[in-house]
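Participant: Before I ask anything, here is the structure I am working with.
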Amino acid sequence: MIYNIIDHRSRPYLWREVNAIVEATSHDNACEDADHERTSDADITYDQLENVTVQEAVAWASAEPSAVTLYLYDKGAGTT
């Protein structure tokens, strides 16, 4: 389930091909001014999808069993 979305796209109106990353929302606890989420055994450490639509990225992240932050990047950026 998505608790937060961080959009790092430099071209925010391109939605057909983006890269997406999810991490446990509890990873955000160290960020200044962040709401805090408890850690869970179901927390995902890291996962990514490349060259998907924004809709596909949101559906994918929403299907996670624990709280995640979804990061969106331009195609070709943000992934390892």
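The values are calculated or read from the model by the stated rules, or taken from the named source; none is laboratory data. No experiment lies behind these values; they were computed from the predicted model shown. Here the Cβ is made from the backbone with ideal geometry for all residues, glycine too, and neighbour counts use every protein chain on show. Ligands, DNA and RNA are excluded from the accessible area calculation, which covers all protein heavy atoms including side chains. Shrake-Rupley method; radii C 1.70, N 1.55, O 1.52, S 1.80 Å.
Participant: Could you work out the relative contact order of the stretch 21-80? I mean the mean sequence separation of Cα pairs under 8 Å and 6+ apart, divided by the number of residues, in percent.
Facilitator: In percent, rounded to a whole number, it is 47.
Participant: Ordered by packing density, taken as the mean number of other Cβ atoms within 10 Å over each peptide's residues, highest first, how do 15-23, 34-42, 48-56 rank?
Facilitator: Highest to lowest by the protection proxy: 15-23, 48-56, 34-42.
Participant: Continuing with the same structure: Could you give the length gained on full extension between GLU17 and ALA77, defined as 0.36 nm per residue of separation minus the Cα-Cα distance, in nm? Could the numbers behind the result be given before it?
Facilitator: Values: separation 60, 0.36 × 60 = 21.60 nm, distance 1.11 nm.
Additional length available on full extension: 20.5 nm.
Participant: Once neighbouring chains are kept in place and the probe is 1.4 Å, which whole percent of the accessible area of the chain is contributed by carbon and sulfur?
Facilitator: On the way: 2520 of 5260 Å².
Carbon and sulfur: 48 percent of the exposed surface of the chain.
Participant: In square angstrom, what is the accessible area per residue of the stretch 1-55 with a 1.4 angstrom probe?
Facilitator: Accessible area per residue: 75 Å².
Participant: Only one of the listed values, (1) 12.3, 36; (2) 31.8, 99; (3) 13.4, 46, was derived from the coordinates as Rg and Dmax of the Cα atoms in Å; which label is it?
Facilitator: Checked against the structure: label (1).
Participant: Then there is this: Which percent, to the nearest 5, of DSSP beta bridges fully inside the chain are antiparallel?
Facilitator: That works out to approximately 70 percent antiparallel.
Participant: For the stretch 1-51, calculate the relative contact order in percent as a whole number, restricting contacts to Cα pairs under 8 Å that are 6 or more residues apart.
Facilitator: 43 percent
Participant: In nanometres, what is the gap between the two model label sites at GLU50 and SER10, each 7 Å from Cα along Cα-to-Cβ?
Facilitator: About 1.8 nm, to one decimal.
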